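Derivation of every value follows stated rules applied to the coordinates shown; laboratory data play no part. As the structure is a computational prediction, the values presented were derived from the model and not from experiment. Methodologically, a virtual Cβ is constructed for each residue, glycine included, from the backbone with ideal geometry; neighbour enumeration extends over all protein chains shown.
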Amino acid sequence: MSTSIDLRDADESWKTKTMVAGAVVGALIGVSGAYLLIQNADKRGERVEVTTGSGIKLGLLLLGLLRQVAQLGE
């Protein structure tokens with residue numbers, strides 16, 4: 001009976017580690033992207049402005065990326 005519990009704990013452990021790793025990588029990529037956006041705006045002497053059109057483009061790009069990540073396991 002204890003073996004069954006240990007196997008379930010091990011099964012959940014890799015899932016938790018994967019979620020934490022994904023969150024950390026996602027946060028680092030998000031901060032890096034924001035930094036690059038700010039640097040480009042500073043070089044041009046402008047403020048960062050994300051329009052509706054560019055927000056939609058970025059959202060669709062991210063959805064495509066997530067779809068590609070989901071297909072990695074296949």
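Note on the chain: Kirkwood hydrodynamic radius from all Cα pairs is 15.7 Å, rounded to one decimal.
Among ILE56, ILE29, ILE38, the largest mean-square fluctuation in a Gaussian network model of the chain (Cα springs under 10 Å) belongs to ILE56. Ranked for footprinting exposure by Cβ neighbours inside 10 Å, fewest first, GLU74, GLU12, GLU49 give GLU74, GLU49, GLU12. Under 17 Å from a label point set 7 Å out along the Cα-to-Cβ vector of SER32, the amide N atoms of the range 57-74 belong to 62, 65-66, 69.
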